[in-house]
Structures are given as structure tokens and as C-alpha cells.
1. When N counts the residues of the stretch 49-89, how does its alpha-carbon radius of gyration compare numerically with 2.2 N^0.38 Å, as a ratio?
2. Which loop trypsin sites (Lys or Arg not before Pro) in the stretch 42-143, with loop taken from DSSP, have no more than 13 other Cβ atoms within 10 angstrom of their Cβ?
3. Within the stretch 296-379, report the GluC sites (Glu not before Pro) that DSSP leaves as loop and that have at most 10 other Cβ atoms within 10 Å.
4. Where Rh is the Kirkwood radius over the Cα pairs of the stretch 241-378, the temperature 10 °C and the viscosity 1.306 mPa s, what D in µm²/s does Stokes-Einstein return?
5. Which lysines have a Cα less than 21 Å from the Cα of K273, not counting those fewer than 8 places away in the same chain?
6. Using the Cα centre of the chain as the reference point, and only Cβ charges (+1 on K/R, -1 on D/E), how large is the resulting charge dipole? Debye, rounded to the nearest 20.
7. If you work out Rg and Dmax of the Cα atoms in Å from the coordinates, which of [x] 20.3, 76; [y] 23.5, 85; [z] 20.7, 66 do you get?
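Just so it is clear, none of the values below were taken in a lab; they were calculated from the coordinates. Predicted model, so just to flag it, every value in this text is computed and none were measured. Quick reminder, even Gly has a Cβ in these numbers, built from the backbone with ideal geometry, and neighbours come from all protein chains shown.
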Amino acid sequence: MTQFTEKETVQPKSKFRTQGVQAIFGLLMGVLISSFMLREEVSITILSALFILLIAVISFVISLMVHETGHAVGGKLGGMEVMNLSYGPLVYAKVNGKSRMFFKLPALGYIGRAMMRFPDRIPEEEMRKKLLRLIYAGPVSNMVTGGVALVFAYFIWPSGALLTFAMVSLFLGLTNLSNIETPTGVLTDGKMIAILNGKEPGAEVIFVSYQLLQEDPTGTGRWKKETIEKVEHIIKRYSDWPLAASLLATLGPYYYTSDPERFLELTKGRAFKKRMNKAIVLQDMIDTAAATGLYFAGKLHEEPDIEEKIQLISDKNEVSRHMRDAYLAIIHDEKKEALNALDKADQAIGEWHPLYLEGAGERKVTQEIRNRLQLDEVL
């Protein structure tokens, strides 16, 4: 069986190509800026430099909004529904069918996100085409707006501010088209495109993720049996890819109370791994899911070195941190502290969370643990 390893995710040629494109872009922009300054006789002062810096920041914010909105428009044209749109910490999300605005810091290091879902199940080939439209729409929006702004700034309406916006927009579009998986586990648009086009393995992970969202966007475990079997196969196939293994955290609510033993089989070799300063948040979610599986299987106290394993969970993700504290309290038979940590986990999720969305599945799990702890206390 083919195994997808972390080594295969490293693409030296792709990185070299990306650096080459960025170098050419930088050279081109340098020539344009220099010629613009000479032609318009622009004088450089501290005040003008600060002004351009301010314009660059504003341009980045506008370009980010154009990028994520472009993704959303591309998805809508493919029949998808918007689940949430993140512009930095500003989030538009649909919660319980109602549109809401939140101020939440991004997770996993992304600065913007357009999360979409298919309302109905569609064949994978059709999904591939629509996802490519969704993904391309973001950087293409930047390239188009940046290109138009560049033409206006350089040839029609000379403006340093407009030229700055053009460069920032074009740079954001080109950067997102680079084929990179960040250390936190986030895939750039270029990486997603390469995977969906079959240039790299992993398309199954993307397809099944959207299928899970399509069947149960709340993540409470209401998935079809054949979908669950497909996810199991994918987790086993891409054994060393944190993004694939993180599907364990999604599947948990399906198994915890019905078949925790089967779930624990899936976590073997994927949970409680030594931290490598890569995708730590994803690994924390995997470890938290494994600890939850052990709890529901009645094996939390039996697991060798369980306290040391659970203490591997970092403070990067507040929900995982509180769940870690809850399981450590359970191991020490400190029920009051465990219940307090579970309450904090729910509070950390709040009405909406960048990793757990509405958090319905997580709240279902924490409530079940509360019920069991309180029942044990009565008995």
C-alpha cells in the first residue's frame, strides 16, 4: 500500500521555482518603481516613506479581502455555500443558520480563509473541477485587480499609492500560487492546485474533507458508514501526513461512545508523537482525540506512560490545552478540577471557533464526559 510520508511533502524544485518567480517579480517591480520615481521626479523623505508604508499596510488588507472574497465568489459559482469568511481576525460566519460577525484570531497561521461546503453530494471529478475554480479565484482576483491598478498607476493616472496597491496585490496573488505546505500544516493555494491536478498525492484527503462537511457540517458524527470507511482508509494510507491524521479529531464523535476500540486502532502510530516544531496544533488535536478515545474505552488509566503522553499536548490551542488538563485531572481522580477544565474548553470554543466552528461535536463530547464523571461521583 502506498504510504504518504512527510519527506514526500517537501518539494525542493517547487520551492526553487517559487523563489525564482518571486525574484523575477521583485526585479520587475524594482525596475517599475525606479522608472516611475525618475519619470515623476519623486523625492524620498522620511514622511513620504512612512506614507508609502501606511499605504502598503492598507493595500495588504484590501488585497486580502479581495483574495478571500474572490474564493467565495468562485465557490458560489460552483454551487457551494459559504460557511465562514475570515479577513485576519474579522470573521463572517453562519451559526445555526444565522449570519454572524466575530473577532477571532486566526488559527494554524493563516491570515485569511474562505470556508465553503457543497450542499449536495457530487462525483469526485465534478468536485475537483469546482474546487479548482474555488481555489484559483482567490489569486486570480489579486492578479486582475493588481494588473489593472498597475496599468492605471503607470500609464493613465500616475499615483504612488495606486502603484503600491498594485505591487502588494500582485505579490499576494503570486505568493499564494506557490506550491508550499507551511510548518503549521496549512496548504497554499498553489499546493492545493498541485494536489487536485494530480501532480502530488493527497487529493483524497481534500475530497473526503469536503464530503464530511457536506454530510454533517456540525461535526457531531452523522456521517454515512461508507464515508467513515473511506476516511479510515485515507488515514491509514497517508500515515505520516499530519493533515490526514488530523481527520481523527473530526471522526471522534462518531466512535467515542459507539466503538472507541476501533478508534484507538486508528490512532496507533499517529498519536503522542514527538514534537518536531511542525504542525503542532494539528498534532495536539490528534493527541486530544486519542486521549478521548482512551477515556471512553475505559483505558485511560491503563495506557503506559499516559501522563507523560498527555503532557505532550502543548499550549498552542486553548481547547486542546483545557482538554489536556481535564484528562490529567481524571488520571489523578480530581473530578472537580476535571469538570472545571471541561467548562473552560467549552468557553474557549465560544459561539464560534476558527478550528472547531460551532463546536457542536466538541460540546457533545465534553457533556458526555461530564455525565460520566458526575455519575461516578454519585455511585
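1. 1.51
2. In loop regions of the stretch 42-143 (DSSP not H, G, I, E or B), the sparsely surrounded trypsin sites (Lys or Arg not before Pro) are R121.
3. E302
4. 107 µm²/s
5. Result set, ordered by chain and number: K7, K236, K299, K309, K316.
6. 980 debye
7. Matching the structure shown: [y].
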